[in-house]
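Structure, as structure tokens:
The values are calculated or read from the model by the stated rules, or taken from the named source; none is laboratory data. All values derive from a computational prediction rather than experimental measurement. Reconstructed Cβ throughout: ideal geometry from the backbone, glycine too, with neighbour counts over all protein chains shown. All accessible areas refer to the heavy atoms of the entire protein, side chains included, with ligands and DNA or RNA removed. Shrake-Rupley method; radii C 1.70, N 1.55, O 1.52, S 1.80 Å.
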Amino acid sequence: MGDFNVALVIVAAVVSVVVLLVSVYLLVNYQHPDDANQAYFPKLVVVLGLTVAVLSILMLPADVANRQACSRAIYNGACSLTLPMRTLWLVVYIVDAVLVFLVIPFAMFYYEGDQDKSVGKRLRTALMWVVASAVVCGLVLGILYGLVGKVDFTVRHLSSSVETFPNSFSGFSSGQPCISSLPRLCAASTAPANSQTTWTMRATFPEYVVALATIVGSVLFTIFGGVGIACLPLGLIFSFVRRPKAVITRSQYIKEATELGKKARELKKAAEALHQEERSGNKGRKWRKNVKAVEKELLLLEDDMKALEEMYPQGEQAEATWAFTVLGYIGKLIFGVVGLIVSIAWVAHIVIYLLIDPPLSSFLNEVFVKLDGVWGLLGTAAFAFFCFYLLIAVIAGEMMLGLKLVFITIHPMKWGGTLMNSFLFNVGLILLCSISVIQFCATAFAYYAQATAAQEIFGHTLQSLRGIKYLYKYNVFQYGFVALAILTLFYYAIFGWRKRKPTGRFQLSN
């Protein structure tokens with residue numbers, strides 16, 4: 001295969017434009033009607049955040065392709081027009097960190113500010129919170145970088161004497177592999193234990209920022225991703241199991257609709273009471289807890305309304321609507337089964353390749369390599385799919401835990417019904433976890449992504465940082481990920497087939 005470095009640059013430019021257009025498409029179709037023709041700054045942040053998140057995932061396959069771009073060159077720099085991947089990685093993840101810790105919080109504070117205040121006051125309030133957060137983050141980063149911002153590489157010191165170059169190689173064998181007449185003098189396998197030492201150097205500040213952002217993202221990724229890798233496919237499968245089997249009667253519909261109407265009035269009354277407390281300045285811990293409880297009940301109410309509409313389709317096309325409902329649940333079953341296969345492959349790969357030492361097999365690495373042999377981009381596409389699947393699992397895990405745990409705020413993503421604060425929260429979560437997904441994939445697919453710039457940053461520097469390296473040395477995140485996935489599997493096996501019981505009368509906590 002000849003050099004395709006020029007084609008790679010062209011493909012990278014085209015893909016970037018396509019990703020930007022897709023981000024705009026998602027924003028337009030997911031946004032709530034109340035946000036139409038307003039909130040332009042949060043929308044700009046959402047589009048930029050989605051674009052950066054998607055491109056960061058696609059950069060690892062691009063990094064692999066960039067490594068292979070010069071088939072006859074000793075190193076990438078020997079080819080012209082190869083992508084400067086190391087620089088691109090650092091730029092993308094610095095932008096990622098700025099968006100997550102500065103820009104998105106500012107947009108959320110501004111969007112969620114008291115609408116009765118003027119634009120200037122809302123801007124000042126949001127800027128005050130962000131500046132305070134930036135000062136705290138800057139101090140923490142600076143102190144940590146000054147104290148422990150070093151990389152400790154474990155190296156082995158090897159040396160041998162200088163010998164005259166031989167005229168013949170006939171005297172070499174497995175017992176005498178070296179030039180010296182002394183047996184195995186230069187063989188690394190016989191190096192003494194004291195030849196191993198630690199080589200310390202200071203990490204660059206951008207690399208250190210990426211490393212700390214990766215740690216924060218890894219904690220969230222382990223929790224939400226571990227839960228989501230199981231609940232994403234199982235939720236779809238059990239949604240098919242709990243599907244409505246037949247259309248209900250009109251009297252049943254009226255009875256259920258009356259109960260939902262009572263529930264809606266209770267929630268409206270509770271929301272009005274909370275709004276009065278907000279206007280009076282009483283926004284303590286109890287108020288925030290009640291707000292989250294109301295948000296959860298509203299989300300469940302919307303799900304109940306949707307389920308009722310499915311069980312009693314109305315209008316002239318009622319039969320066609322019911323047919324599409326049935327097909328929709330069949331589609332959930334199909335996607336759930338496919339997702340379950342992918343989830344099992346992910347967990348099996350983590351156990352086989354990462355947790356068992358030495359690895360039993362390179363598993364998915366070999367699959368991607370063989371797919372590349374079938375068609376140049378097939379392995380790359382499969383690799384990108386597995387990475388994107390982890391990001392989708394993170395969102396699914398956050399939604400599930402948000403419904404079960406009141407201290408986690410729910411930010412649902414709904415077609416044509418997503419408020420901008422939910423958009424911003426989920427984009428921030430995706431951006432923060434995308435760094436960890438890339439690091440996780442670079443580790444899990446180290447054989448496939450070997451000799452890449454990502455491997456250098458995430459595989460060597462990150463895993464050798466002082467104070468952080470032990471989290472990776474003992475596979476803390478991988479064990480946590482697998483453990484949460486197994487616990488979620490048991491949860492669905494015990495409770496997943498049950499239909500949710502209707503809640504009683506809703507009351508605010510005192």
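What are the trypsin sites (Lys or Arg not before Pro) within region 195-280 that DSSP puts in a loop, where the Cβ has at most 16 other Cβ atoms within 10 Å? Before the final figure, lay out the partial values.
On the way: sites: Arg202, Arg242, Lys245, Arg250, Lys255, Lys262, Lys263, Arg265, Lys268, Lys269, Arg279; in loops: Arg242, Lys245.
Here the sparse-neighbourhood loop sites are Arg242, Lys245.
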| task | Note the full-extension length gain between Gln38 and Phe388 as 0.36 nm times their separation in residues minus their Cα-Cα distance, in nm to one decimal. | result | 123.0 nm
| P(r) of region 284-428 in 5 Å steps, Cα pairs, percent per bin? | 2, 8, 10, 14, 14, 14, 12, 11, 8, 5, 2, 1, 0
| Cys137, Cys433, ranked by accessible area, largest first (probe 1.4 Å) | Cys137, Cys433
| message | So, R0 is 45 Å and r is the distance between the beta-carbons of Ile334 and Ser168; what FRET efficiency does that work out to, to 0.05? | response | 0.10
| query | To the nearest Å, what is the center-to-center distance of region 357-394 and region 304-318, using C-alpha atoms only? | reply | 42 Å
| What FRET efficiency comes out for the pair Glu272/Phe205, r = Cβ-Cβ distance, R0 = 56 Å, nearest 0.05? | 0.65
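Per residue, what volume in Å³ does the convex hull of the Cα atoms of region 252-370 enclose? Let's see the in-between values first.
Numbers: hull volume 26.2 nm³, N = 119.
Convex hull volume per residue, Cα atoms: 220 Å³.
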| request: Could I have the simple spin-label model distance between Ala493 and Arg466, label points 7 Å from Cα toward Cβ, reported in nm to one decimal? | output: 4.6 nm
| Approximate spin-label separation Ile254-Val131, in nm, with each point projected 7 Å along Cα-to-Cβ | 6.3 nm
| field | Extension gain from Val15 to Asn475, taking 0.36 nm per residue of separation minus the Cα-Cα distance | value | 162.2 nm
| field | Cleavage-rule hits, chymotrypsin sites (Phe, Trp or Tyr not before Pro), region 125-156, DSSP coil, Cβ neighbours within 10 Å at most 16 | value | none
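Once you have the Cα-Cα distance between Leu355 and Met413, take 0.36 nm times their residue separation minus that, and quote the gain in nm to one decimal.
Working: separation 58, 0.36 × 58 = 20.88 nm, distance 3.42 nm.
Once the chain is fully extended between Leu355 and Met413, it gains 17.5 nm.
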| What value does region 234-295 have for Rg/Rh, both radii from Cα atoms and Rh as Kirkwood defines it? | 1.21
| task | Report the accessible area of Trp287, computed with a 1.4 Å probe over the heavy atoms of all protein chains in place, in Å² rounded to the nearest 10. | result | 40 Å²
